[in-house]
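Before any comments, here is the structure.
No value in this document is a laboratory result; all are computed from the given coordinates. This is a predicted model, so every value here is computed, not measured. In this analysis, Cβ positions are derived from the backbone assuming ideal geometry, glycine residues included, and neighbour counts consider all displayed protein chains.
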Amino acid sequence: MIVVSNTTPLIGLGRIGRIDLLATIFGQIIVPQAVYSEISAVEDEIKKALNAAAWLRVEPVRDRLAVEVLLDELDLGEAETIVLGREINADWVLMDEKKGRRKLAELGLRKIGSVGILISARQSGVIDNLHDELTRLRQQGFSLSQSVFEAALRQVGELL
């Protein structure tokens, strides 16, 4: 499976101590250089975990013009993630930002965000309680509306 990630899912899952879910669910994760650079600016604990992750690979984006075009709407990490996803025909692109997710939908690329990753982990039995994980995400400053929070819990049977 080919999976490309933007920065936010890596940081969000890292902040709640669940970065390991990415390797468990997807195997290898590929990031463009801009995302790797953004990771270098985060908290030491997350940076150390990602630098030590044998399952994380950095790959350069070839089509710089496509990146430049997307910079009108997106930041550099999001733009490179989307272009790299297209270039290597990714099965999944990990992205949380709304604008980036809209662009992925326009381009026909499959996307999943931090909440979707946690839902998948819950459905596969890797984690036991989605409510606690989502609460921890919120406590770490992750923007998560109440409606999305409740919809995720309903999806895994933790809320009727």
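Kindly list the residues of segment 55-82 that lie in the label zone of ASP91, defined by a backbone N under 17 Å from the point 7 Å along the Cα-to-C-beta vector.
Residues 55-57 qualify, since their backbone N sits under 17 Å from the label point.
Pick from ALA105, ALA79, ALA121: which is most flexible by mean-square fluctuation in a GNM of the chain where alpha carbon atoms under 10 Å apart are linked?
Most flexible of the set in this elastic network: ALA105.
Less than 20 Å from a label point 7 Å out along the Cα-to-Cβ axis of ASP63: which backbone N atoms in segment 1-24 qualify, by residue?
Hits in segment 1-24 for ASP63 at 20 Å: 2-7.
Report, by chain and number, residues whose modeled amide H sits under 5 Å from the one on ILE29, excluding near sequence neighbours (fewer than 5 apart, same chain).
Counting only residues 5 or more places away or on other chains, the set is LEU56, ARG57.
Would you calculate a helix-derived [θ] at 222 nm for the chain, using -39,500 (n - 2.57) for each DSSP H run of n ≥ 4 and dividing by the full residue count, to the nearest 500?
Numbers: 10 runs with 91 residues, N = 160.
Calculated mean residue ellipticity at 222 nm is -16000 deg cm²/dmol.
Take the chain, mark every one of the GluC sites (Glu not before Pro) that falls in a DSSP loop and has at most 15 other Cβ within 10 Å, then report the longest stretch left between them, sites excluded. Please report the intermediate quantities before stating the final value.
On the way: sites that count: GLU43, GLU73, GLU158.
My reading of the result: 74-157 is the longest stretch.
5 Å is the cut-off here: which amide hydrogens, built 1.01 Å from N in the peptide plane, fall below it relative to LYS111, excluding neighbours closer than 5 in sequence?
Answer set, sorted by chain and number: VAL93.
Just add up the charged neighbours of ILE127: K/R +1, D/E -1, any other residue whose Cβ is under 15 Å from the Cβ of ILE127.
-2
Of GLY157, LEU21, TRP92, which is farthest along the charge dipole of the chain in the positive direction, counting Lys and Arg as +1 and Asp and Glu as -1 at C-beta?
The residue sitting farthest along the positive end of the dipole is GLY157.
Given 4 °C and 1.567 mPa s, compute D for segment 3-114 with the Stokes-Einstein relation, Rh being the Kirkwood radius over Cα pairs; round to the nearest whole µm²/s. Don't skip to the answer; put the middle values down first.
Values: Rh = 13.7 Å.
Once the numbers are plugged in, D ends up at 94 µm²/s.
Using a Cα-Cα cut-off of under 20 Å, which lysines could be cross-linked to LYS111, ignoring same-chain neighbours fewer than 8 residues away?
Correct list for LYS111: LYS98, LYS99, LYS103.
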